[in-house]
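Here the structure comes first, spelled out in structure tokens, and everything after it is commentary.
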Amino acid sequence: MSELAWVGEGLLVLTQAQLDEVVAACLRAAPQEGCGLVAGDPETGIVRRVYPTRNAARSSRIYTVDPRDHLHVERDAEASGSSVIGVFHSHTHTDPYPSPTDIDQAPDPAWHYVIASLRLEAVSLRSYRIVDGVATEEPVVVTE
């Protein structure tokens with residue numbers, strides 16, 4: 001429980017099922033980068049729902065959340081009392097650290113930027129906050 005003391009100060013909290021959904025979406029998209037949005041509570045960082053989306057860039061090196069999917073997610077999250085609190089995507093060839101492109105295209109400093117690396121057989125996942133061009137890793141807490 002001590003890990004939850006960081007809630008609201010740069011912490012992402014998701015269930016094992018939500019983590020599995022992120023990883024599955026990224027693996028399904030391979031060899032392209034997979035992507036999606038996460039909705040939840042912006043104050044606590046608790047994820048309520050994971051939304052896989054289409055990668056409009058159709059690339060193994062960059063991602064763009066499909067604008068129509070983004071709109072659908074925004075509406076659905078709002079209707080369920082949540083907010084979009086972040087984005088996830090995969091890195092097909094590199095470690096789970098934001099690339100210069102990821103940093104340049106980070107739309108919201110309050111968002112969580114989750115990256116799943118598919119470079120090795122075991123998927124590695126990390127989350128960051130990106131503020132003023134600086135990526136800072138944040139703890140990821142996985143609950144039941």
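The values are calculated or read from the model by the stated rules, or taken from the named source; none is laboratory data. Everything numeric here is computed off the predicted structure, so don't read it as measured data. Quick reminder, even Gly has a Cβ in these numbers, built from the backbone with ideal geometry, and neighbours come from all protein chains shown.
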With respect to Ser60, determine if the residue is among the small types (Gly, Ala, Ser), buried (at least 17 other Cβ atoms within 10 Å of the Cβ) and at pLDDT 95 or above.
-> no
(1) of a type in the set (Ser, Thr, Tyr); (2) modelled with pLDDT of 95 or more; (3) out of contact with any strand residue (DSSP E or B) (no Cβ under 8 Å at 6 or more places or on another chain): which one isn't true of Ser90, the others all being true?
-> (3)
Output for Cβ contacts, cut-off 6 Å, separation at least six or different chains, first residue in contact (Cβ under 8 Å) with a residue 40 or more places away in the chain in segment 13-39, second hydrophobic (A, V, I, L, M, F, W, C) and assigned to a helix (DSSP H, G or I), reads Gly34/Ala25; Gly34/Cys26; Gly36/Ala25; Leu37/Val73; Ala39/Ala77
How about segment 100-125: which of its residues are among the small types (Gly, Ala, Ser) and either closer than 19 Å to Leu11 by Cα or touching a residue at least 24 places away in the same chain (Cβ under 8 Å) (or both)?
-> Ala106, Ala110, Ala116, Ser117, Ser124
What do you reckon, is Val47 modelled with pLDDT of 95 or more, more than 19 Å from Arg126 (Cβ to Cβ), surrounded by 17 or more Cβ atoms within 10 Å (Cβ to Cβ) and in contact with a strand residue (DSSP E or B) (Cβ under 8 Å, 6 or more places away or on another chain)?
-> no
Residue set Val141, Val73; condition surrounded by 13 or more Cβ atoms within 10 Å (Cβ to Cβ) and assigned to a strand (DSSP E or B); output residue Val141
